[in-house]
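This report refers to the structure that appears directly beneath it.
The values are calculated or read from the model by the stated rules, or taken from the named source; none is laboratory data. The shown structure was predicted, so the numbers you read here are calculated from the model rather than taken from an experiment. A quick note on method: Cβ atoms are made from the backbone with ideal geometry, for glycine too, and the neighbour counts reach across all protein chains shown.
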Amino acid sequence: MTVSISESPAALYSLTFIVGACVGSFLNVLAIRLLAEKNVLKPPSHCLDCDHKLGAFELIPVASYFLLGGKCKHCRRKISWQYPVVELFTALWFMLVVWKFGLTPEGFGMLYFSSVLIAVSVTDFREKLIPHEITYPSILFGILFSGLVRNDLIGTMAGIGGSYILFDFIAFYGLKLYPYLHPEVKEPQEVQATDDDEDTVIDSALGVGPEPETEEFEVMGGGDAVLAALVSAWLGWERLVITVMLGFIFGAALGGMYLVGEMKKAGILGHCIKRGLIGFAIFSAIGAAMFLGLAHLSNQSLWQAQWFVAIGIFAFSGGFVGFIWAGKRVSRPFPFGPALALAAAVSMFFDPHSIFPSERF
């Protein structure tokens, strides 16, 4: 008697792990080559330092890194830890998705969506860039998925439009606020040119001498808006709301870990913590009044979990604002894409109707 893979959990998850590790290996190649503006499929995989073509022994996901001692077999240069980490994480995440959704159309869709999230997280961490070559086609696939599998095309399209408006709003007003938090950063039009600067501009226009350097900064990049639209395309507007809330929490945590080190070096960590606690207390009171008042107006129970979650998120945001404001002179932009991608990955396991009951909308 033969037993199918779906009837044997051990065989199913073992195969899923292997496939996930191989996909993770491809995602590494995809991310690095897109950032370098190179062909994704050719030439074959090679060492980035010596261009040595990798053999089969060097291409085993996860295992090859440890078998080679973390170094290229040919030139003995160190191999980035990114490779085994992405491969292992993808393999384990694939197992989790299959456990949740099974080998169903929804499950295969979530596997593809997860792969996209992992790829853009790698590119954003490395270069603070989310390639449109990945996101735009994936948005189209997500719209088809939501229309054919999730049966929520209208809600999905509304979420895509709303995500662009929300993140463009944050980007516009955040760009206005950022120079006040960081006086050392000035917009190009505010920088007054000296005579020497004018000579440099003239020389550059004539092709003589170096071009003037201008440092651009962004509070919320356009890629983040596209990533939010991608989330809505695959998960719908309800899960997009959850993703955005979680994304700010995860972003605060990731950025906070970086800032804590910088604040400690500057000797202002204690001061920043005090301001953060004050902000947390103030926003807790405001959030309690606002969300519990909303619950009362909508004739819902004040003791439902979602209201306390909302209050907690609002209070945490206030504490984070106070923490960042106190340490504004050491704060630096931190990529939001990985935090949003992680929030989307978590949100796919949420049941949106438990937070947004359909009969109330």
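If you go through segment 19-57 and keep only what is among the polar types (S, T, N, Q) and without any contact (Cβ under 8 Å) to a residue 40 or more places away in the chain, you end up with ASN39, SER45.
Only helices (runs of 4 or more DSSP H) whose full extent lies in segment 1-106 are considered here, and the ones with at least 3 residues that are within 27 Å of the chain's Cα centre (by Cα) and either of a type in the set (Val, Ile, Thr) or within 25 Å of GLU133 (Cα to Cα) (or both) are 9-35, 82-101.
Would you be able to say whether some residue in segment 58-72 is touching a His at 6+ places or on another chain (Cβ under 7 Å) and either closer than 24 Å to GLY20 by Cβ or small (Gly, Ala, Ser) (or both)? Checking segment 58-72: not a single residue is touching a His at 6+ places or on another chain (Cβ under 7 Å) and either closer than 24 Å to GLY20 by Cβ or small (Gly, Ala, Ser) (or both). Considering (1) buried (at least 19 other Cβ atoms within 10 Å of the Cβ); (2) under 20 Å from LEU117 (Cα atoms); (3) free of Cβ contacts under 8 Å to residues at least 60 places away in the same chain; (4) charged (D, E, K, R), the lone condition that GLU87 does not fulfil carries the number (3).
In segment 9-28, what residues are of a type in the set (Val, Ile, Thr) and surrounded by fewer than 16 Cβ atoms within 10 Å (Cβ to Cβ)? Matches in segment 9-28: ILE18 only. Filtering segment 122-140 to residues that are over 11 Å from the mean Cα position of the chain (by Cα), crowded, with 19+ Cβ neighbours inside 10 Å and part of a helix (DSSP H, G or I) leaves ILE134, THR135, SER138, ILE139. Considering the conditions (1) part of a helix (DSSP H, G or I); (2) closer than 30 Å to LEU235 by Cβ; (3) at pLDDT below 80; (4) not β-branched (Val, Ile, Thr), GLN300 is excluded by exactly one of them, (1). Scanning segment 271-309 for residues that are closer than 16 Å to ILE249 by Cβ and in contact (Cβ under 8 Å) with a residue 40 or more places away in the chain yields GLY276, GLY279, PHE280, GLN306. Among residues of segment 256-270 that are in contact (Cβ under 8 Å) with a residue 60 or more places away in the chain, those with a beta-carbon under 9 Å from a residue that is aliphatic (A, V, I, L, M) and assigned to a helix (DSSP H, G or I) at least six positions away or on a different chain give the pairs GLY256/ILE324; LEU259/ILE324; MET263/LEU269; MET263/ILE273; MET263/ALA326; ILE268/ALA326.
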